[in-house]
Amino acid sequence: MAETIGSLADKISIMELKIYHMKEQIDRKDADAAHRKESAYKMKILQMQKNDLEIEVKELLEKYACGKARPKIYRQFKMYNDPKYRIQKASSAF
C-alpha cells in the first residue's frame, strides 16, 4: 500500500483547488460557450477523481480500525549540516 492518509489528504486538497479554479472557468462571462462546456466536462472528471480519493481515505481508515492495515512510518534521515557525513577532501601533493 503506497498511499497514506496524509498523501491522500494532500491529493484531495490539490483536487479541491483544481475544482475551485475550474468552477471559475465555468462561471466566466467573457469565455465562449465551448470553453465553458469543456470546463464543465473537466469539472465532472475532477469531482469523480476527488470522490475516488475520498473513498480511498474511508477504506484505509476502515482497514486501520479493524487491524487489517497499519500506517507505515517513514523516518527522515538528514545528512546535511552533520559533520559525520562530510566527505574529507584529499589534500594534493603539489
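The values are calculated or read from the model by the stated rules, or taken from the named source; none is laboratory data. Keep in mind the model is a prediction, meaning the values are calculated, not measured. In this analysis, Cβ positions are derived from the backbone assuming ideal geometry, glycine residues included, and neighbour counts consider all displayed protein chains.
In table form, for the structure just shown:
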| item | result |
| --- | --- |
| Positions within region 57-75 being touching a residue at least 24 places away in the same chain (Cβ under 8 Å) and out of contact with any Lys or Arg (no Cβ under 9 Å at 6 or more places or on another chain), in sequence order | Val57, Leu60, Leu61, Pro71, Lys72 |
| Residue that is nearest to Ser7 (Cα to Cα), among those in region 61-88 that are in a helix (DSSP H, G or I) and among the basic types (Lys, Arg) | Lys63 |
| Residue, modelled with the highest pLDDT, within region 42-71, restricted to residues that are charged (D, E, K, R) and farther than 30 Å from Ile19 by Cα | Lys68 |
| Residue list for region 8-48, filter: basic (Lys, Arg) and surrounded by 13 or more Cβ atoms within 10 Å (Cβ to Cβ) | Lys11, Lys18, Lys23, Arg36, Lys42 |
